[in-house]
1. Return the only residue of S118, S68, S52, S99 being over 24 Å from T16 (Cβ atoms) and in contact with a helix residue (DSSP H, G or I) (Cβ under 9 Å, 6 or more places away or on another chain).
2. Determine which member of the set L165, L127 is surrounded by fewer than 16 Cβ atoms within 10 Å (Cβ to Cβ) and modelled with pLDDT of 95 or more.
3. Please enumerate the residues belonging to segment 17-35 that are over 16 Å from L72 (Cα atoms) and of a type in the set (A, V, I, L, M, F, W, C).
4. Quick check on segment 104-111. Is at least one of its residues farther than 11 Å from A41 by Cα, modelled with pLDDT under 95 and surrounded by fewer than 17 Cβ atoms within 10 Å (Cβ to Cβ)?
5. Being farther than 18 Å from K173 by Cα and of a type in the set (V, I, T) is the filter; apply it to segment 29-53 and report the residue that is nearest to the chain's Cα centre (by Cα).
6. If a residue must be farther than 23 Å from Q183 by Cα and either surrounded by 19 or more Cβ atoms within 10 Å (Cβ to Cβ) or aromatic (F, W, Y) (or both), how many such residues does segment 28-66 contain?
7. I'd like to check which helices (runs of 4 or more DSSP H) are fully inside segment 12-100 and have at least 1 residues that are touching a residue at least 60 places away in the same chain (Cβ under 8 Å) and not charged (D, E, K, R).
Amino acid sequence: MSQKDKLKWDKKYQETTSLLKDREASENLKKIIEKTKGKKALDVASGAGRNSIYLAINGFDVEALDISSVALDVLNNKGFKNISSKLVDLDEYEVPKNSYDLIVMTNFLDRNIISKLSMALKTDGILFIETYMEDDENEKPPSNPDFLLKKDELKTFFDNAFELLDYDEFFNKESELYRMKKQFIAIKKI
């Protein structure tokens, strides 16, 4: 595990405790779960688990992955029996193939893992990605462009083995620290 990344994220959660408070799940995710056929979910870079908790309340068995033990401790202390957490470095973690009905990755971008996540879907499984993109109206101080999507970029990761269920670019309305433009996609493995 990259100790540097772990320390960075643990420190971020310790210094920005609002990230550890109960927050609403992604509004776009709420619309997508009704299209999911099974109940086995993976929440990638889950943080304190706002989406994991929503999925668990809606009957999913959730595996929450994150590099921050601080965030996962908060999630584990919520006491959900249908959420299991794993402390992992996503650069090294091998996502099991053909294993999940729903995979969620929000507010995190690792372009290299997207193909692994699509392979981890069962047939008819849904991959939901929602994260930040480049835009002149973003309020956060300049970010590393490696962690911001370009316009329409999420659409470029998937071929005809996937059905596009939904896509949008929008400004976040959720309780986040900065107003930022986001992109989301929901695709189904055919």
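1. Values: S68 fails: over 24 Å from T16 (Cβ atoms); S52 fails: over 24 Å from T16 (Cβ atoms); S99 fails: in contact with a helix residue (DSSP H, G or I) (Cβ under 9 Å, 6 or more places away or on another chain).
S118 is the lone residue from the list that is over 24 Å from T16 (Cβ atoms) and in contact with a helix residue (DSSP H, G or I) (Cβ under 9 Å, 6 or more places away or on another chain).
2. Working: L127 fails: surrounded by fewer than 16 Cβ atoms within 10 Å (Cβ to Cβ).
Testing whether each residue is surrounded by fewer than 16 Cβ atoms within 10 Å (Cβ to Cβ) and modelled with pLDDT of 95 or more leaves just L165.
3. Step one: filter segment 17-35 for residues over 16 Å from L72 (Cα atoms), giving 24-35.
Of everything in segment 17-35, those that are over 16 Å from L72 (Cα atoms) and of a type in the set (A, V, I, L, M, F, W, C) turn out to be A25, L29, I32, I33.
4. Yes, segment 104-111 contains at least one residue that is farther than 11 Å from A41 by Cα, modelled with pLDDT under 95 and surrounded by fewer than 17 Cβ atoms within 10 Å (Cβ to Cβ).
5. Going through segment 29-53, the residues farther than 18 Å from K173 by Cα turn out to be 33-49, 52-53.
Adding the requirement that they be of a type in the set (V, I, T) leaves 33, 36, 44, 53.
Numbers: I33: 14, T36: 16, V44: 5, I53: 13 Å.
Top of the filtered list is V44.
6. Our first condition is that a residue be farther than 23 Å from Q183 by Cα; within segment 28-66, this holds for 37-40, 56-63.
Next cut, either surrounded by 19 or more Cβ atoms within 10 Å (Cβ to Cβ) or aromatic (F, W, Y) (or both) only: 56, 60, 62-63.
Summing the residues that are farther than 23 Å from Q183 by Cα and either surrounded by 19 or more Cβ atoms within 10 Å (Cβ to Cβ) or aromatic (F, W, Y) (or both) in segment 28-66 gives 4.
7. Details: elements: 27-32, 50-57, 69-76.
In segment 12-100, 27-32, 69-76 are the helices (runs of 4 or more DSSP H) which contain 1 or more residues that are touching a residue at least 60 places away in the same chain (Cβ under 8 Å) and not charged (D, E, K, R).
Quick grid of which residues meet (1) among the acidic types (D, E); (2) in a helix (DSSP H, G or I); (3) farther than 25 Å from I53 by Cα:
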{"position": "F108", "(1), (2), (3)": "no, no, no"}
{"position": "S118", "(1), (2), (3)": "no, yes, no"}
{"position": "K122", "(1), (2), (3)": "no, no, no"}
{"position": "I129", "(1), (2), (3)": "no, no, no"}
{"position": "Y132", "(1), (2), (3)": "no, no, no"}
{"position": "T156", "(1), (2), (3)": "no, yes, yes"}
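The values are calculated or read from the model by the stated rules, or taken from the named source; none is laboratory data. Computed from a prediction, not measured in an experiment: that's the story for all the values here. Every residue, glycine among them, receives a Cβ derived from its backbone with ideal geometry; neighbour counts consider all protein chains shown.
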